[in-house]
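Asker: The structure's right below; bear with me while I get my questions together.
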Amino acid sequence: MQDRAEGCVGLEISGGIARLTLDQPRRLNAMTLGMWRSIPGLVDRAVQAADARVLLLRGAGERAFSAGADISEFATVRADAAQAAAYEEAVSAATDALVQAPVPTVAAVRGVCYGGGLELALCCDLRLGDDTARFRMPGARLGLGYAFPLVQLIVQRVGATAAADLLFSARVLSAADAASLGILQRVEPAASFDGAVEAYLGGIAANAPLTLRAAKRAMLEAVRTDGPPNVAGVDALVARCFASRDYAEGRAAFAQKREPDFRGE
């Protein structure tokens, strides 16, 4: 399954992995309004696909994950308060779709990952980077303010101290800096990065899909801010795991010392 053209967000699904690609390499994969608007539908398509067990978010090419919003179009899409509000709604819908995705999500970061690009990476559960990755939240050098949901997301993902470093200093972080602050979970050499990412995702995709979804739902409920956690919803997914064919398969594979064949049923 493939849906990709330059200047958009592409979707490919194979081998249990849904790959979302931010595709505008001539502008360092800067996000246009159209790209922001396309993400919710693409995430929905990805998680509804029967063979998609993990979602990967990446940038096209080797120079950037994403440089953030495409400022070149602001004169036409953020020219007044009404347009600015509509733009922010599109960004919020995109980020919410990634955060709330019911499957594990992983960002693979090469090169530049600034502003809105870093926001997208932080929406994912995990972030892997090569040694060319660079991160920055530049607001303090531009005089702009970051909305509460974004600051809340940063604090949830990396903690208050690392968030303070990101937001107060506005400095460019190397891959090693990002790993020390918890932004990156792994750093790989650029030459072997693609292979390392595929191996990591393949390991996730080989695991029991119902277990992955139950764990993701529990993680989402654990940081819920709009009310008490829906423990009953998590319990229902856990019960489904124990009643599944995959649970029986996992026990049999363990006893027989072989790789399990999980089917999500």
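The values are calculated or read from the model by the stated rules, or taken from the named source; none is laboratory data. Because the structure is a prediction, the values reported are computed rather than measured. Cβ atoms come from the backbone with ideal geometry, glycine included; neighbour counts cover every protein chain shown. The accessibility values were calculated without ligands, DNA or RNA, using every heavy atom of the protein model including side chains. Shrake-Rupley method; radii C 1.70, N 1.55, O 1.52, S 1.80 Å.
Asker: Only one of these conditions is not met by V231: (1) open to solvent by less than 70 Å² (accessible area, probe 1.4 Å); (2) within 30 Å of F148 (Cβ to Cβ); (3) touching a helix residue (DSSP H, G or I) at 6+ places or on another chain (Cβ under 8 Å). Which number is it?
Answerer: The number of the failed condition is (1).
Asker: Can you tell me how many residues within segment 124-137 are open to solvent by less than 30 Å² (accessible area, probe 1.4 Å) and either among the polar types (S, T, N, Q) or touching a residue at least 40 places away in the same chain (Cβ under 8 Å) (or both)?
Answerer: Summing the residues that are open to solvent by less than 30 Å² (accessible area, probe 1.4 Å) and either among the polar types (S, T, N, Q) or touching a residue at least 40 places away in the same chain (Cβ under 8 Å) (or both) in segment 124-137 gives 7.
Asker: For segment 155-177, state whether one or more residues are modelled with pLDDT of 95 or more, of a type in the set (V, I, T), under 20 Å from V112 (Cβ atoms) and more than 19 Å from the chain's Cα centre (by Cα).
Answerer: Yes, segment 155-177 has at least one match.
Asker: Within the set of pairs 6+ apart or on separate chains, which have a first residue in segment 168-182 that is closer than 26 Å to G143 by Cα, a second that is open to solvent by 70 Å² or more (accessible area, probe 1.4 Å) and assigned to a loop (DSSP other than H, G, I, E, B), and C-beta atoms under 6 Å apart?
Answerer: Qualifying pairs under 6 Å: A175/D131.
Asker: Do any residues in segment 18-33 that are over 18 Å from V91 (Cβ atoms) and without any contact (Cβ under 8 Å) to a residue 40 or more places away in the chain have Cβ atoms under 8 Å from those of residues that are basic (K, R) and not in a loop (DSSP other than H, G, I, E, B), where the two are at least six apart or on different chains, and which pairs are they?
Answerer: Filtered contacts from segment 18-33: R19/R58; T21/R58.
Asker: Further, regarding this structure: Take the conditions open to solvent by 30 Å² or more (accessible area, probe 1.4 Å), over 22 Å from A52 (Cβ atoms) and part of a helix (DSSP H, G or I) and apply them to A239. Does it pass?
Answerer: Answer is yes for this residue.
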